[in-house]
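Trainee: First the structure, then my questions, so here it is.
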Protein chains: 2
Amino acid sequence: MLDFAILGLLREQPRHGYELKRALGDLGFWQVSFGSLYPALRRLEKQGFIEAARGEGRRKAYRVTEPGRLRFGEMLAESGDDSDRDFQLRLAFLGYVEPESRLAVLEDRRTALQDRLHGARRSFRGARSSTRNPDRYRMALMERSVRSTEADIAWLDELIAGERSATTGA
Amino acid sequence: MLDFAILGLLREQPRHGYELKRALGDLGFWQVSFGSLYPALRRLEKQGFIEAARGEGRRKAYRVTEPGRLRFGEMLAESGDDSDRDFQLRLAFLGYVEPESRLAVLEDRRTALQDRLHGARRSFRGARSSTRNPDRYRMALMERSVRSTEADIAWLDELIAGERSATTGA
DNA sequence: ATATACTTATATCGAATCGATATATTGGAG
DNA sequence: CTCCAATATATCGATTCGATATAAGTATAT
């Protein structure tokens, strides 16, 4: 997961660790810890997928090797966006996926979100009609869950619409 | 974290592992894995904070002991809702916090979300005005991050308003 | 009746990730 | 010219995840 993210980010330009953390954090869905990042960099370097070139000061600017580029392609092809993070990471690199496969990725995600929405609504209704006192704060949590899933679907639908017009129109 | 959740949920009624997972999942922000849950139950049992009573079939219905109840109170008092999950978990048990302290918890969270929103907007603007080609999908990710943080603040403001009227009015 | 498949339920393993902490260096404010 | 914040790399133990195993109960189909 993190390896995939690193390879994808380094594909575009060499970066050092700290910079990778920032670039990933800027995407807004993963504030990766150093405790994950630096071991991952050493792991990838040992595997020969990235290599370090001394940068300014103590910085180690890493860049992808050719095997690393291939590895990234493999990971991109492997399907399975189970978790939210998986999907968002894949989306960040969707530009590297063949245009004709992109829509399917988005639509699969939409199905998953629809399912989640049904579950969230069921939980919410279940709690509301419960015999027990429906705690104010927990009801708020469940409502938040419903609303944010709805908002996510709406956002995704915009993306899907954009994707269709990009494919059809242009 | 998980220990806190378990103690809080068991406080209200005895439940077995599977049921705890469902109850926690229903809140909508944490689909805890069995690989976390069952070890946590054994850990808590060994510490004497919960005890198992045989339920129907293979079920083990756990209930909180008195030391467990005290431990929960301690954890509830310890401040520090750093992560999203921490906050939402605390919110789930906010009913156990003295009414006069509740508003502060919500307002601290609001401040944290405001900060995050500024960060997300900065990233978004930064990417848009970048010299590099601003990737369609990454822009979408950043926009999602901005929007969902805004929505979260709006949701929280409703909660805060409700809290104020509950304290002042009733 | 009986095979098939799904849900419930507990459990364990290794790997990924986190959060805290340590330690320098650099750049700017007072 | 000193102090403080941001930059940057690194490591540690603990937590959490994801996959997998197992098995009992329950429903559905043949």
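Please treat every number below as a calculation from the coordinates, not as lab data. Source: prediction; values computed, not measured. Here the Cβ is made from the backbone with ideal geometry for all residues, glycine too, and neighbour counts use every protein chain on show.
Trainee: Sequence-distant or interchain residues sharing an amide H contact under 5 Å with A:ILE50, placed H: which?
Mentor: Close amide H contacts, sequence-distant or interchain: A:GLU45, A:THR65.
Trainee: Per DSSP helix of 4 or more residues, -39500 (n - 2.57); summed, then divided by the residues of chain B. What does that give at 222 nm, rounded to the nearest 500?
Mentor: Values: 7 runs with 118 residues, N = 170.
Per the formula, -23000 deg cm²/dmol.
Trainee: While we're looking at this one, here's another question. If I fit a long axis through the Cα atoms of helix B:17-26 and take the longest principal axis of the Cα atoms of chain B, what angle between them do I get, 0 to 90°, rounded to 10?
Mentor: So the inclination is approximately 30 degrees.
Trainee: In debye, nearest 20, what is the charge dipole magnitude of region B:1-111 about its Cα centre with +1 on Lys and Arg Cβ and -1 on Asp and Glu Cβ, if you could check? Write out the running numbers ahead of the final one.
Mentor: Details: 19 positive and 18 negative charges, 150 e Å.
That gives region B:1-111 a dipole magnitude of about 720 debye.
Trainee: Which Cα, out of B:PHE87, B:LEU103, B:LEU159, lies furthest along the positive dipole direction of chain B (beta carbon charges, K/R +1, D/E -1)?
Mentor: B:PHE87
Trainee: Quick one: net charge of B:GLY68's neighbours, Cβ under 11 Å, K/R +1, D/E -1?
Mentor: Combined, the nearby Lys, Arg, Asp and Glu give -1.
Trainee: Keeping to pairs on different chains or 8 or more places apart, tell me how many lysine pairs in the protein assembly as shown have Cα atoms under 26 Å apart.
Mentor: Here the count comes out as 6.
Trainee: Further, regarding this structure: Answer rounded, prolate or oblate for region B:27-76, using the Cα gyration tensor with square roots of eigenvalues a ≥ b ≥ c: rounded when a/c is under 1.5, else prolate when a/b is larger than b/c, else oblate.
Mentor: On the way: a/c = 1.78, a/b = 1.07, b/c = 1.67.
Note, shape of region B:27-76 comes out oblate.
Trainee: If you line up the long axis of helix B:34-46 against the longest principal axis of chain B, both from Cα atoms, how many degrees apart are they, to the nearest 10?
Mentor: For helix B:34-46, the angle is close to 40 degrees.
Trainee: With just the Cα atoms of the protein assembly as shown, tell me how far they stretch along each of the three principal axes, in Å, largest first.
Mentor: Extents along the principal axes, in whole Å: 60, 44, 43.
Trainee: Further question: Give the nm distances, rounded to one decimal, from A:GLN114 to the matching residue in every other copy, measuring between label points 7 Å along Cα toward the beta carbon; shortest first.
Mentor: Counterpart label points of A:GLN114 in the remaining copies fall at 4.1 nm.
Trainee: Shielding of A:24-32 by partners, i.e. mean partner chain Cβ atoms within 10 Å per residue?
Mentor: 5
Trainee: Mind checking B:141-147 for the average number of partner chain beta-carbons within 10 Å of each residue's beta-carbon?
Mentor: Whole-number average of other-chain Cβ neighbours for B:141-147 is 6.
Trainee: Continuing with this model, one more query. With the Cα gyration tensor of chain A in hand, give its eigenvalues times 5 under a square root as the equivalent ellipsoid semi-axes, listed largest first in whole angstrom.
Mentor: 37, 22, 13
Trainee: Just to compare against my own numbers: the Cα pair-distance distribution for region B:76-154, 10 Å bins, whole % per bin, please.
Mentor: 17, 39, 24, 14, 6, 0
Trainee: Under unit Cβ charges (Lys, Arg +1; Asp, Glu -1), what dipole magnitude, rounded to 20 debye, does the protein assembly as shown have relative to its Cα centre?
Mentor: Values: 60 positive and 52 negative charges, 118 e Å.
The dipole of the protein assembly as shown has a size of about 560 debye.
Trainee: State, to one decimal in nm and shortest first, how far the label point of B:LYS46 sits from each corresponding label point in the other identical copies (label point: 7 angstrom along Cα-to-Cβ).
Mentor: Ordered by increasing distance: 2.8 nm.
Trainee: Now for a separate question. Ranked highest first by the average count of other Cβ atoms within 10 Å around their residues, in what order do A:158-166, A:119-127 fall?
Mentor: A:119-127, A:158-166
Trainee: Also, quick follow-up: How many nanometers, to one decimal and shortest first, lie between the label point of B:SER101 and those of its other copies, if labels sit 7 Å from Cα toward Cβ?
Mentor: Copy-to-copy label distances at B:SER101, shortest first: 5.3 nm.
Trainee: OK, next. Using alpha-carbon positions, what is the distance between the centroids of region A:72-119 and region B:39-114, in Å?
Mentor: 34 Å
Trainee: What does the average come to when, for each residue of peptide B:114-121, you count the partner chain Cβ atoms lying within 10 Å of its Cβ?
Mentor: That average works out to 1.
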